[in-house]
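The block underneath contains the structure these notes are about, expressed in structure tokens.
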Amino acid sequence: GAPVEVDISKLEPGQLIRVEWRGKPVWVVKRTKQTLDALAAHDDKLRDPASDEPQQPDYAHNGYRSIKPEIFVAVGICTHLGCSPSYLPDSFGEQVQGVTSGFFCPCHGSKFDMAGRVFQGVPAPLNLVIPPYQYLSDTTILVG
Ligand code: FES
């Protein structure tokens with residue numbers, strides 16, 4: 001599949017846009033400062049907070065899992081059995097106590113934070129996959 005250009009110039013804080021790359025949904029989310037600050041606060045609830053899993057780009061091996069902290073890019077497919085999780089920008093606390101936003105997989109209840117990091121005690125074994133991508137400019141990302 002060909003790489004896909006994504007224009008992020010109109011992306012609002014908290015907004016998620018979906019593009020398709022190699023037949024898969026790819027999410028691009030603009031995280032707020034508040035969201036970024038909150039990421040460090042629940043490491044103890046995660047399976048792999050520093051994202052040490054080897055099969056992903058270098059820029060995914062940290063707590064933000066992105067090239068630029070505010071822009072999160074991920075393959076929107078649950079690492080359990082491949083459903084597409086829902087983005088819960090402000091009602092995630094109902095799923096995970098004390099965490100306000102994240103991704104919830106309706107198929108078997110897996111939960112991921114705003115860096116796509118999987119919570120403990122759910123069926124998904126791994127953090128969400130981060131695709132290869134690069135910045136062509138401040139407002140354009142190339143996925144693939
Ligand atoms: Fe997402 Fe099973 S496919 S929890």
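The values are calculated or read from the model by the stated rules, or taken from the named source; none is laboratory data. Since we're looking at a predicted model, the values are computed, not measured. Every residue, glycine among them, receives a Cβ derived from its backbone with ideal geometry; neighbour counts consider all protein chains shown. Heavy atoms of the whole protein, side chains included, go into the accessibility calculation; ligands, DNA and RNA do not. Shrake-Rupley method; radii C 1.70, N 1.55, O 1.52, S 1.80 Å.
Quick notes on this one:
- The chain - mean residue ellipticity at 222 nm from DSSP helices (-39,500 (n - 2.57) per run, n ≥ 4, rounded to 500): -1000 deg cm²/dmol
- Counting only heavy atoms of the protein chains and using a 1.4 Å probe, K68 has close to 60 Å² of accessible surface.
- Solvent-accessible area of F104, all protein chains in place: 40 Å² (probe radius 1.4 Å, heavy atoms, ligands and nucleic acids excluded).
- Label positions at L81 and D52, each projected 7 Å from the Cα along the C-beta direction, are separated by 3.0 nm.
- Evaluated with a Cβ-only charge set (Lys, Arg +1; Asp, Glu -1), the chain carries a dipole of roughly 220 debye about its Cα centre, given to the nearest 20.
- Annotation: amide H-H contacts under 5 Å for G102 (H modelled 1.01 Å from N, sequence separation of 5 or more, or interchain): L88, F92.
- Counting only heavy atoms of the protein chains and using a 1.4 Å probe, V122 has close to 20 Å² of accessible surface.
- P(r) for the range 1-125, from all Cα pairs and a bin width of 5 Å, is 2, 11, 22, 26, 23, 12, 4, 1, 0 %, short bins first.
- Partner lysines whose Cα lies under 29 Å from the Cα of K45, excluding those fewer than 8 positions away in the same chain, are identified as K24, K30, K33, K68, K111.
- Cα→Cβ-extended label distance, 7 Å offset, between Q97 and S9, nm: 4.7
- The 1.4 Å probe gives accessible areas that order E12, E94, largest first, as E94, E12.
- Taken one residue at a time, the phi angles of the range 92-106 give Karplus couplings (6.51, -1.76, 1.60, θ = phi - 60°) of 6, x, 5, 8, 10, 3, x, 10, 7, 9, x, 10, 10, 8, x Hz. Gly and Pro are set to x.
- Per residue Cα convex hull volume in Å³ - calculated over the range 70-144: 91
- Computed from label points 7 Å out along Cα-Cβ, the spacing between R22 and Q34 is 3.6 nm.
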